[in-house]
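Values in this text are rule-based calculations from the coordinates and carry no lab data. Note that the structure is a prediction, hence the values are computed from the model and not measured. Cβ placement follows ideal geometry from the backbone for every residue including glycine, while neighbour counts extend to all protein chains displayed.
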Amino acid sequence: MKLVRVPYFKEVVVMATTCEACGHKDSSVKCGGGIEPQGVRLELAVQEPFDLSRDVLVSDSCMICIPELEFETEQGSLGGKFTTVEGLLLAIRDSLAETNPCLLGDATETPRFGEFLARITALATVVEEPDATQPRFRLILDDPAGNSYVQNLCAPDPDPQLLCQKYDRSEEQNESLGLTDMKTENYAEPSS
């Protein structure tokens, strides 16, 4: 376990474990602070190969969306991750392949799933041919806890490719984060 300061963001706790018996490795990231007063929606316009190298922190309450693929995850489906845009795309691809192995079986029966995984891989691949263009797409992180982050390459100035919007959470989001019934004042008194 290690505490790491992410520039222009906050401290995060990086946890990694390795099973000595089987060699399985696992890692996760948690924000060092609590839930933010507002949620955050980050929209990155990925336009150049170097955008794939931007750091990304996805909290365990974050929803991920790639409109160009018509793709959206549930909140927390990947857990907490600190990686790059490229690493996040590959983690999405690998998670889908691991959790849906039957869809990879017979390509004649499930060609759309294989094509979808290939499209994710193509987005994560840096195009180095001089005349080729890098696929452009939008990566949207919506985190009601406000603990997700995309690296701003122009920090501390605004990044023209990164839209950051804070918002007030809905009652449903507060409920899913466990905030609705949380008593923080006069907690020694019984709840009414």
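Where only DSSP H runs of four or more residues are counted, the chain gives -5500 deg cm²/dmol as its mean residue ellipticity at 222 nm, each run worth -39500 (n - 2.57). Taking a ≥ b ≥ c as the square roots of the eigenvalues of the Cα gyration tensor, an a/c ratio of 1.5 or more together with a/b no larger than b/c marks region 36-176 as oblate. Applying the Karplus relation 6.51 cos²θ - 1.76 cosθ + 1.60 with θ = phi - 60° to region 60-77 yields 3J(HN,Hα) values of 6, 10, 8, 9, 10, 9, 10, x, 5, 9, 6, 10, 8, 9, 6, 4, x, 5 Hz, where x marks Gly and Pro.
In region 36-176, a dipole from Cβ-located charges (positive for Lys and Arg, negative for Asp and Glu) runs towards its positive end, and of Asn174, Pro144, Leu42 it is Leu42 whose Cα lies farthest in that direction.
Where is the GNM fluctuation largest for the chain (alpha-carbon springs, 10 angstrom cutoff): Val14, Val58, Val29? Comparing Val14, Val58, Val29 in a Gaussian network model of the chain, the most mobile one is Val14.
Exposed loop sites here are chymotrypsin sites (Phe, Trp or Tyr not before Pro) assigned a DSSP state other than H, G, I, E or B and surrounded by at most 12 other beta carbons within 10 Å; excluding them, the longest clear run of the chain is 9-186. Taking the chain as a Gaussian network, Cα atoms linked when under 10 Å apart, which of Glu175, Glu43, Glu86 shows the biggest mean-square fluctuation? Per the Cα network of the chain with a 10 Å cutoff, Glu175 tops the list.
The angle separating the long axis of helix 85-99 from the principal Cα axis of greatest extent in the chain is about 90 degrees. For Val6, nonlocal amide neighbours, meaning residues 5 or more places apart or on other chains whose placed amide H falls under 5 Å from its own, are Glu11, Val12. If you take all other residues with their beta carbon under 14 Å from the beta carbon of Gln38, and give Lys and Arg +1 and Asp and Glu -1, the sum is -1.
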